[in-house]
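The values are calculated or read from the model by the stated rules, or taken from the named source; none is laboratory data. Model, not experiment: these values are computed from the prediction. Cβ: placed from backbone, ideal geometry, glycine included. Neighbour counts: every protein chain shown.
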Amino acid sequence: MEEQEAEAARRAILSGWVTQGPEVAAFEGEFATLVGAKYACAVSSCTTALHLALLAVGVRQGDEVITVSHSFIATANSIRYCGAVPVFVDIESGTFNMNPESLERVISERTRAILCVHQMGMPCNLSEILKLARKHHLPVVEDAACAIGSEIFWDDNWEKIGKPHGDIACFSFHPRKVISTGDGGMITTFKSEWDSQVRLWRHQGMSVADTARHEAKEVICESYPVVGYNYRMTDIQAAIGREQLKRLPQITERRRALAGRYRKLLANAPMLRLPEEPPWARSNWQSYCVRLPDRCDQRQVMQEMLNAGIATRRAVMCAHRETAYEREPWSCGAGPGICGCLSGTCARLSESEKAQDHAIVLPLFHQMTDADQDEVATSLITAVLQQSCVDEESSKGRATG
Ligand SMILES: *Cc1c(COP(=O)(O)O)cnc(C)c1O
């Protein structure tokens, strides 16, 4: 963020309208145009967006929602907020996204929705997921927290994630994502009932918008037909978001160039598994996640790189392995005891667990120089080789022992 964002925040502060108001409305309109959505509703975060989206498609107490464990914990938590049970399916190792093949066998009469994730900005296999969802009359909510600016090839065109291609898509503006409002979220859909419903819920179920009451020439008294939430975005955040949106094309372009460079720089390190971009997907490369050889100690590689002054991050977590989900109900579709998932690991989620244990996220930011990137690649390869954890067959004599 630079002067333009600071100036926008100042404009909102001095406008006399601080929380959800005209800046939020303008941000929603600009966001809808960008992703090609009919409706966009701004909220306080992607977590609250997911909660409202699941409620809107009808998820209630005791229902099941199929999703991935391999995601930021907010994905699973949003299902629990509805009193529903997450049913976790495994991911594909190359894209880190939901494996559509494992979907059908966990669909039951209790399934109420599918919550898919475009993990780290890589579009998931929506066409396969939607085929199954439509066959079973299930709504699809897209966790697009990371996917602002990502694209999918659809009806012979490249379209932005968020149109949405499922039923409702949810975005995040947390600083870890590609563009930010500090905190914030957005819900996009093509269905006016869902849009009206989430607008009502985000503002305590209040029947009249503040802006409408403010502009009215006659006294209006609001009513509260439903129990809602305070999930509003402020005008200060929205003003910042509008500036960030203007930067998105340039940020995305740069990130794609950097991802392309990583692919080239790491191409001659066959022991590393680079992230796969399917031909129908164009990631915004929010994160560049590399799978280390299975025998490598992930932490040690990260430490070696940190010693060289390079900060990396552990790849995406798995909700089912967290203490919170020892207490919260979840399922992998197998009966209890069958896959050992009561002991903190789950045979049916093995690709998810491997991705968590053996992948790391490399630095990637749009201000990064080519020299920075060369240094990261060299340091990564050195750290992996030093550890002598390279599989014999893939190293072809590269391991130093
Ligand atoms: C960041 C993230 C969220 C949560 O977004 P917030 O805006 O921080 O609530 C949800 N899902 C995924 C996949 C994320 O990466």
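Report, by residue number, each residue of the stretch 282-311 that is closer than 15 Å to Leu364 by Cα and in a loop (DSSP other than H, G, I, E, B).
Once the filter is applied, which keeps residues that are closer than 15 Å to Leu364 by Cα and in a loop (DSSP other than H, G, I, E, B), the stretch 282-311 yields Ser283, Asn284, Trp285, Gln286, Ser287, Gly309, Ile310, Ala311.
Could you count how many residues in the stretch 167-183 are more than 13 Å from the chain's Cα centre (by Cα), of a type outside the set (S, T, N, Q) and crowded, with 24+ Cβ neighbours inside 10 Å?
1
Do we have any residue at all in the stretch 210-217 that's assigned by TED's automatic domain parsing to the domain that holds Tyr81, free of Cβ contacts under 8 Å to residues at least 24 places away in the same chain, in a loop (DSSP other than H, G, I, E, B) and not hydroxyl-bearing (Ser, Thr, Tyr)?
Yes: the stretch 210-217 contains one or more residues that are assigned by TED's automatic domain parsing to the domain that holds Tyr81, free of Cβ contacts under 8 Å to residues at least 24 places away in the same chain, in a loop (DSSP other than H, G, I, E, B) and not hydroxyl-bearing (Ser, Thr, Tyr).
Hey, which of the strands (runs of 3 or more DSSP E) in the stretch 91-197, taking only ones fully inside, have at least 1 residues that are under 23 Å from Cys346 (Cβ atoms)?
Numbers: elements: 111-117, 140-143, 151-154, 157-160, 168-172, 185-189.
In the stretch 91-197, 111-117, 140-143 are the strands (runs of 3 or more DSSP E) which contain 1 or more residues that are under 23 Å from Cys346 (Cβ atoms).
Do we find that Pro86 is buried (at least 24 other Cβ atoms within 10 Å of the Cβ) and over 22 Å from Ile179 (Cα atoms) in this structure? Steps first, please.
Details: buried (at least 24 other Cβ atoms within 10 Å of the Cβ): yes; over 22 Å from Ile179 (Cα atoms): yes.
Yes: the conditions hold for Pro86.
From Val361, Val376, which residue is among the β-branched types (Val, Ile, Thr), at pLDDT 95 or above and part of a helix (DSSP H, G or I)?
Values: Val361 fails: part of a helix (DSSP H, G or I).
Sole residue among the options that is among the β-branched types (Val, Ile, Thr), at pLDDT 95 or above and part of a helix (DSSP H, G or I): Val376.
Residues being among the aliphatic types (A, V, I, L, M), surrounded by 11 or more Cβ atoms within 10 Å (Cβ to Cβ) and farther than 19 Å from Met186 by Cα: count how many of those fall in the stretch 207-251. So that I can check it myself, show each step before the final result.
The initial filter retains those residues of the stretch 207-251 that are among the aliphatic types (A, V, I, L, M), namely 208-209, 212, 216, 219-220, 226-227, 233, 236, 238-240, 245, 248, 251.
Now restrict to residues that are surrounded by 11 or more Cβ atoms within 10 Å (Cβ to Cβ): 208-209, 212, 220, 226, 233, 236, 238-240, 245, 248, 251.
If we keep only those that are farther than 19 Å from Met186 by Cα too, we end up with 208, 212, 220, 226, 251.
Number satisfying all stated conditions: 5.
Kindly indicate whether Ser71 is buried (at least 24 other Cβ atoms within 10 Å of the Cβ) and touching a His at 6+ places or on another chain (Cβ under 6 Å). Steps first, please.
Numbers: buried (at least 24 other Cβ atoms within 10 Å of the Cβ): yes; touching a His at 6+ places or on another chain (Cβ under 6 Å): no.
The answer is no for Ser71.
Could you list, in sequence order, all residues of the stretch 51-68 that are part of a loop (DSSP other than H, G, I, E, B) and either surrounded by 21 or more Cβ atoms within 10 Å (Cβ to Cβ) or within 12 Å of the ligand (Cβ to nearest atom) (or both)?
So the first thing to find is which residues in the stretch 51-68 are part of a loop (DSSP other than H, G, I, E, B), and the list is 57-63.
Of everything in the stretch 51-68, those that are part of a loop (DSSP other than H, G, I, E, B) and either surrounded by 21 or more Cβ atoms within 10 Å (Cβ to Cβ) or within 12 Å of the ligand (Cβ to nearest atom) (or both) turn out to be Val57, Val59.
Could you list, in sequence order, all residues of the stretch 92-137 that are within 16 Å of the ligand (Cβ to nearest atom), over 14 Å from the mean Cα position of the chain (by Cα) and closer than 21 Å to Thr47 by Cβ?
Ala113, Ile114
Val87 - would you say it is within 16 Å of the ligand (Cβ to nearest atom), assigned to a strand (DSSP E or B) and closer than 30 Å to Ala355 by Cβ? Even if it seems obvious, please write down each step before you answer.
Details: within 16 Å of the ligand (Cβ to nearest atom): no; assigned to a strand (DSSP E or B): yes; closer than 30 Å to Ala355 by Cβ: yes.
For Val87, the condition - within 16 Å of the ligand (Cβ to nearest atom), assigned to a strand (DSSP E or B) and closer than 30 Å to Ala355 by Cβ - is not met.
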